[in-house]
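Input: a single structure, listed below in structure tokens.
All of the numbers you see were taken from the coordinates with simple rules; none came from a lab. On a predicted model such as this, the values are computed, not experimentally measured, just so you know. We place every Cβ from the backbone using ideal geometry, glycine too, and count neighbours over all the protein chains shown.
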Amino acid sequence: MATSFEERVKDREYVNWLKAGQGFRTLRSGLTIFLKRSTNKLHEELVKNTTGAKISCHEKKFSKQCGDSCKCWAIEIENMMALQEEDKPKKLNAIWSNCDHTKWSLEEGGPWEVAKCYMNPGQQKTNTGPESTDISGMLNLIANCNYIELKTDKNKIKVKEIRNHRNDVMHSCELTLTDEKLKKVFTDMETLVGDEAIADYKDADKALYELKKIKDADMTVEVEIQLIQETHVYLVEAAKIVGEEVDKSDIHVLIISVVY
């Protein structure tokens with residue numbers, strides 16, 4: 001039996017789900033400047049380590065057929081990969097299909113093409129910076145690249161936990177979240193943007209304020225409808241970022257399932 005709109009908006013765990021979704025969107029904006037500057041520094045380090053090797057390659061994708069300059073960059077990128085597990089020496093695999101390897105050595109565009117090697121598979125050509133990257137890509141970049149450091153080592157573990165929170169929220173078939181899980185999600189997000197390596201940037205400071213505001217908000221019907229509309233926009237934008245075809249009828253079915 002379908003749940004009425006009035007019942008749905010009074011469902012506390014559904015409201016928690018909405019808050020979490022808005023929280024991830026806020027976290028994404030709070031990491032933008034930090035990641036832009038971190039990846040620029042990473043690129044500078046790679047330029048130094050490759051002795052400024054310029055890539056001149058006509059291969060469409062990075063492979064063993066690429067020249068020495070490409071392979072030199074690939075080795076240095078892999079050297080910055082995190083371990084699969086803390087107690088095992090094997091590193092994670094770089095995702096070469098995410099990026100345009102011919103741009104790695106470029107000052108303009110190169111830093112983010114390198115950064116995409118550390119993200120989850122499926123990154124597109126249109127992903128050219130933090131502004132066009134979804135929160136999953138950002139979290140994977142921080143978790144998988146050893147060069148990107150946080151002031152508190154334990155917060156690297158928090159990044160992985162937040163990544164798991166995000167997956168749990170986005171894949172909730174009932175679109176619900178318990179009070180206990182909501183508290184954990186927001187505590188971890190606030191801890192991350194409050195890390196000293198991130199907190200001094202203005203977008204992080206704003207995000208921290210917004211996260212606390214969202215977590216403690218009393219949700220009126222009007223506010224919930226606004227969040228539903230914003231979630232609609234966010235889903236369309238996220239689909240475009242990862243290069244998925246956006247079927248408006250599918251989006252509408254999802255939104256209807258949320259409010260009815």
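Taking the Cβ of Asp195 as the centre, find all other residues whose Cβ is under 15 Å away and add up their charges (Lys, Arg: +1; Asp, Glu: -1).
Values: positive: Arg37, Lys151, Lys154, Lys156, Lys158, Lys160; negative: Glu149, Asp153, Glu161, Asp188, Glu190, Glu196, Asp200, Asp203, Asp205.
Residues near Asp195 contribute -3 overall.
Once the principal axes of the Cα atoms of the stretch 82-179 are found, what is the range along each, listed largest first in whole angstroms?
Principal-axis extents of the stretch 82-179 (Cα, largest first): 47, 33, 24 Å.
Under the rule a/c < 1.5 gives rounded, and otherwise a/b versus b/c splits prolate from oblate, where does the stretch 138-181 land using the Cα gyration tensor?
Values: a/c = 5.19, a/b = 2.17, b/c = 2.39.
The shape class here is oblate.
Testing the spin-label approximation: label points 7 Å from Cα along Cα→Cβ at Glu196 and Asp68. State their distance in nm.
4.4
How many nm separate the modelled label positions at Lys10 and Lys41, each set 7 Å beyond the Cα in the direction of the Cβ?
5.2
Magnitude of the Cβ-charge dipole of the stretch 42-116, K/R +1 and D/E -1, about the Cα centre, nearest 20 debye?
340
What is the projected area of the convex hull of the Cα atoms of the stretch 159-199, averaged over all directions, in nm²? Before the final figure, lay out the partial values.
Numbers: hull surface 11.6 nm².
Over all viewing directions, the stretch 159-199 projects a mean Cα-hull area of 2.9 nm².
Let's see if you can work this out: charge +1 on each Lys and Arg Cβ, -1 on each Asp and Glu Cβ, no other charges. What is the dipole magnitude of the stretch 84-125 about its Cα centre, in debye to the nearest 20?
Values: 6 positive and 7 negative charges, 34 e Å.
The dipole magnitude comes to about 160 debye.
How big, on average over all directions, is the shadow cast by the Cα convex hull of the stretch 25-166, in nm²?
On the way: hull surface 34.1 nm².
Mean orientational projected area (the stretch 25-166, Cα hull): 8.5 nm².
Let me check I've understood the local charge: for Asn164, count other residues with C-beta under 13 angstrom from its C-beta, Lys and Arg +1, Asp and Glu -1. What total comes out? Intermediate results must be reported in sequence, preceding the final value.
Numbers: positive: Lys158, Lys160, Arg163, Arg166, Lys181, Lys184; negative: Glu161, Asp168, Asp188.
The answer is +3.
All other residues with a Cβ under 15 Å from the Cβ of Glu180 taken together, and with Lys, Arg as +1 and Asp, Glu as -1, what is their net charge?
Details: positive: Arg12, Lys19, Lys181, Lys183, Lys184, Lys215; negative: Glu13, Glu161, Asp168, Asp179, Asp188.
It works out to a net charge of +1.
By what distance, in whole Å, do the Cα atoms of the stretch 1-72 stretch along each of the three principal axes, largest value first?
63, 29, 14
Between Asn93 and Asn49, what FRET efficiency comes out of the Förster formula 1/(1 + (r/R0)^6) with R0 = 22 Å and r the beta carbon distance, rounded to 0.05? Don't skip to the end; give the middle numbers.
Working: r = 20 Å, r/R0 = 0.89.
Efficiency, from the Cβ-Cβ distance: 0.65.
Which whole-number value in Å³ per residue fits the convex hull of the alpha carbons of the stretch 56-113? Don't jump to the answer; show the numbers that get you there.
Values: hull volume 5.1 nm³, N = 58.
Enclosed volume per residue, from the Cα hull, is 88 Å³.
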